[in-house]
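Q: Below you'll find the structure I mean.
The values are calculated or read from the model by the stated rules, or taken from the named source; none is laboratory data. Note that the structure is a prediction, hence the values are computed from the model and not measured. No Cβ is skipped: glycine too gets one built from the backbone with ideal geometry, and neighbour counts run over all protein chains shown.
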Amino acid sequence: MTVEKPSIRRRGIYLLPNLFTTGALFSGFYAITSAMNGHFETAVIAIFIAMVLDGLDGRVARLTNTQSEFGVQYDSLSDMVSFGVAPALVMYLWAFSGLGKLGLFAAFVHTAGGALRLARFNTQVETADKRYFQGLASPAAAAILAGFIWFALEYQYDVDYLKYPALILTTATGLLMVSNFRYFSFKGIDWKGKVPFVFAIVAMLIIGFVMTQPQSMLFFLSLIYAASGPVLTLVLLRRRRLHARKSEKSA
């Protein structure tokens, strides 16, 4: 009688998707160190690079079937550094260092908003509607702050005139992340399906337009997306009320 040997459970992590996550984490860290040395343009570009890498790690994991709980938690920690801490510190060093506790407060609101947003997302990921995000996603919030700084640097605006608008913007991004506003997640789009050829032309024009003026376009596109949340939420609430009224009349 042969006795089967118990299977040995091998411990380890999937390398490929976690390399992208590590790259995003390093970009966030590099943004902080660049801002500490006064290289703010490099800092904001590093944040946008972190956004690209963060968007790739999950897709690579799904394409290669290498999803894991470790990857999910590691991605959240990376997001906290790259989109919660890094934008707040870069903004603080650029505009808030002379505002004392007021600047510290605004930077902390963004950081805390990012932490709460990620914690809520992780606890609701199994039950939430995949078509929408609840609250502004942390990469989009980081893009607003990084885009604002990049826009001001490109057009050489005096930071002394932008301190208080930056203060309001930083506080607003933190609050939007923990709000109940609904935002399109774009996860319902069938990226593999066929579309009319005109869509390829439109996409080409949009990408070309953004690349010619990334400092302006990335900032304004992020602002438009942030404003879409309250608008979408009001539209959904109105539809729900109309549906409830129709149900009452038909009952």
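Q: Could you tell me which of the residues 76, 34 is in contact with a helix residue (DSSP H, G or I) (Cβ under 7 Å, 6 or more places away or on another chain), at pLDDT 95 or above and either closer than 21 Å to residue 113 by Cβ or surrounded by fewer than 22 Cβ atoms within 10 Å (Cβ to Cβ) (or both)?
A: Within the list 76, 34, the selection yields 34.
Q: Only one of 61, 88 is among the hydrophobic types (A, V, I, L, M, F, W, C), touching a residue at least 60 places away in the same chain (Cβ under 8 Å) and crowded, with 20+ Cβ neighbours inside 10 Å; which?
A: Going through 61, 88 in turn, just one is among the hydrophobic types (A, V, I, L, M, F, W, C), touching a residue at least 60 places away in the same chain (Cβ under 8 Å) and crowded, with 20+ Cβ neighbours inside 10 Å: 88.
Q: Suppose the filter is assigned to a loop (DSSP other than H, G, I, E, B), more than 24 Å from residue 76 (Cβ to Cβ) and free of Cβ contacts under 8 Å to residues at least 40 places away in the same chain; does residue 157 pass it?
A: yes
Q: So, one more: Go through the stretch 126-142 residue by residue and tally those that are modelled with pLDDT of 75 or more and assigned to a loop (DSSP other than H, G, I, E, B).
A: Total satisfying the criteria: 5.
Q: Identify all residues within the stretch 136-195 that are buried (at least 21 other Cβ atoms within 10 Å of the Cβ) and of a type outside the set (A, V, I, L, M, F, W, C); write none if there are none.
A: If the condition is that a residue be buried (at least 21 other Cβ atoms within 10 Å of the Cβ) and of a type outside the set (A, V, I, L, M, F, W, C), then 138, 139, 147, 170, 173, 174, 182, 183 are the ones that fit.
Listed here are the residues, each with its yes/no results for (1) part of a helix (DSSP H, G or I); (2) among the small types (Gly, Ala, Ser); (3) in contact (Cβ under 8 Å) with a residue 60 or more places away in the chain.
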{"residue": "171", "(1), (2), (3)": "yes, no, yes"}
{"residue": "174", "(1), (2), (3)": "yes, yes, yes"}
{"residue": "194", "(1), (2), (3)": "no, no, no"}
{"residue": "209", "(1), (2), (3)": "yes, no, no"}
{"residue": "242", "(1), (2), (3)": "yes, no, no"}
{"residue": "245", "(1), (2), (3)": "yes, no, no"}
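Q: Would you mind stating whether residue 198 is exposed (fewer than 15 other Cβ atoms within 10 Å of the Cβ), part of a helix (DSSP H, G or I) and in contact with a helix residue (DSSP H, G or I) (Cβ under 6 Å, 6 or more places away or on another chain)?
A: In short, no.
Q: Let me ask you something else. Kindly list the number of the only condition in (1) surrounded by 10 or more Cβ atoms within 10 Å (Cβ to Cβ); (2) assigned to a helix (DSSP H, G or I); (3) without any contact (Cβ under 8 Å) to a residue 60 or more places away in the chain; (4) not basic (Lys, Arg) that fails for residue 226.
A: For residue 226, the failing item is (3).
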